[in-house]
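K.L.:
This structure is in structure tokens; I'll ask about it shortly.
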2 protein chains.
Amino acid sequence: MKQIRPTESELEILGILWERGPSTVREIHDILSQTKDAGYTTTLKLMQIMHEKELVARDTSSKTHVYTAAISQQKTQQQLLDKMIDTVFGGSASQLVMQALGHHQSSEEELQKIRQYLTAIEKQQKDNR
Amino acid sequence: MKQIRPTESELEILGILWERGPSTVREIHDILSQTKDAGYTTTLKLMQIMHEKELVARDTSSKTHVYTAAISQQKTQQQLLDKMIDTVFGGSASQLVMQALGHHQSSEEELQKIRQYLTAIEKQQKDNR
DNA sequence: ACTGTTGTACGAATGTCTTCGTAAACAAAT
DNA sequence: ATTTGTTTACGAAGACATTCGTACAACAGT
């Protein structure tokens, strides 16, 4: 399996790309600079490097290049989660789940969805027995 | 709030310390070398640096020093989770929860615990209304 | 055509992590 | 006492990440 290892800054940018879809450096930078403080060329350079690493694809047909994420949010999430469960939560996924539910308050809807998910998983386990 | 930022390697060591309790460099190294491949002095150096950063405390009363984790597993978990939810999961904790439950198969017991947890949270929300 | 603005490319400085070689302290065994 | 093995301390090299200055190209408005 191909190992994906985006750095901290790269993840921030990917996060924005996943949320917004195709974006220019300027757009990314404007969002980034709301929470951190870095020059425009810094963001540009980062995205150029991400392009080299093929974390993003870019359309250079117009003067202002347009970037899109080249790795899926799902796969990246799974990979990072797995590593985190392993090193930080001693291998217990449910430990992580409870910790996550504990502090980040979720809406009633979301909790309901999770509950349904749980039921589905339990049913599946029963069927496999 | 004090920001904790252990690196990848530091997290591996912390993970072992959390699981085993107080340990010597030798003990840590033996465990580490099962999964990765690094010299003894590398592990030693890492732990010395972690000591400088006050990620671990050490008892130097005997020749062979004994290290213990100086930051709690709970707090560290929470901090890393929060950041991850933020950057990788677009702020949705339940998104993370479902992803985690989906791939890491948990035991029936664990699922049951999570369900209880859910119920408790929902009840709490109701009471706060 | 000129000027100002916005963009990309590139290289270099700086910072941080990781790795390991070497030296010195110490203890146990011979 | 000398050797052998285990340990800590330290420094430095190599890799990687982050930051930004500078140069140059493209374009818009005058």
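The values are calculated or read from the model by the stated rules, or taken from the named source; none is laboratory data. Remember, it's a predicted structure, so these values are computed and weren't measured experimentally. Don't worry about glycine lacking a Cβ; one is built from the backbone with ideal geometry, like all the others, and counts go over all protein chains shown. The protein model used for the area step is the full one, side chains on, heavy atoms only, and it has no ligands, DNA or RNA in it. Shrake-Rupley method; radii C 1.70, N 1.55, O 1.52, S 1.80 Å.
K.L.:
Suppose you put the label 7 Å out from Cα in the Cβ direction; list, shortest first and in nm with one decimal, how far B:Ser61 is from each other copy's label.
P.N.:
Copy-to-copy label distances for B:Ser61: 7.3 nm.
K.L.:
Here's a follow-up. For the stretch A:56-72, what does the Karplus curve 6.51 cos²θ - 1.76 cosθ + 1.60, with θ = phi - 60°, yield as ³J(HN,Hα) per residue in whole Hz, taken in order and with x for Gly and Pro?
P.N.:
Couplings: 9, 10, 9, 9, 9, 5, 9, 4, 7, 6, 10, 9, 9, 5, 9, 10, 6 Hz.
K.L.:
With a 1.4 Å probe, how much accessible area is buried between chains A and B, both sides summed, in Å² to the nearest hundred? Please list the in-between numbers first.
P.N.:
On the way: alone 10010 and 9980 Å², together 15300 Å².
For chain A against chain B, roughly 4700 Å² becomes buried.
K.L.:
Quickly work out the A:Glu122-to-A:Arg20 label distance, labels modelled 7 Å from Cα along the C-beta direction, and quote it in nm with one decimal.
P.N.:
It is 4.3 nm.
K.L.:
Could you tell me which of rounded, prolate or oblate describes the protein assembly as shown, using a ≥ b ≥ c as the square roots of the eigenvalues of the alpha-carbon gyration tensor, with rounded for a/c under 1.5 and, failing that, prolate when a/b is larger than b/c and oblate otherwise?
P.N.:
Details: a/c = 1.83, a/b = 1.10, b/c = 1.67.
Judged from the Cα gyration tensor, the protein assembly as shown comes out oblate (a/c at least 1.5, b/c at or above a/b).
K.L.:
A further question follows. Leaving ligands, DNA and RNA out of it, report the carbon-plus-sulfur percent of the accessible area of the protein assembly as shown at a 1.4 Å probe. Kindly include the intermediate steps, with their values, before the conclusion.
P.N.:
Working: 7210 of 15300 Å².
Solvent-exposed carbon and sulfur of the protein assembly as shown make up 47 percent of the total.
K.L.:
Across peptide B:81-92, what mean number of C-beta atoms from other chains lies inside 10 Å of a residue's C-beta?
P.N.:
The shielding value for this peptide is 6.
K.L.:
Can you work out which chain A residue has the shortest Cβ-to-axis distance for the rotation that carries A onto B, and give it in Å?
P.N.:
A:Val97, 3
K.L.:
Also, quick follow-up: Enter the accessible area per residue of the protein assembly as shown (Å², integer; probe 1.4 Å; all protein chains in place). Don't skip to the end; give the middle numbers.
P.N.:
On the way: 15300 Å² over 258 residues.
On a per-residue basis, 59 Å².
K.L.:
Kindly state, to the nearest 0.05, the FRET efficiency for A:Glu109 paired with A:Arg129, given R0 = 45 Å and r defined as their beta-carbon distance.
P.N.:
For A:Glu109 and A:Arg129, the calculated efficiency is 0.90.
K.L.:
Here's a follow-up. Measure of size requested: the Rg and Dmax of the stretch B:1-91, with Cα atoms as the atom set and Å as the unit; please supply both.
P.N.:
14.1, 49
K.L.:
Whole-Hz Karplus ³J(HN,Hα) for the stretch B:7-19, in order, using 6.51 cos²θ - 1.76 cosθ + 1.60 and θ = phi - 60°, x for Gly and Pro?
P.N.:
Along the stretch B:7-19, the couplings run 7, 3, 5, 5, 5, 4, 5, 4, x, 5, 4, 5, 6 Hz.
K.L.:
Calculate the length of the line joining the C-alpha centroid of the stretch B:67-88 to that of the stretch A:1-69, in whole Å.
P.N.:
Here the answer is 26 Å between Cα centres.
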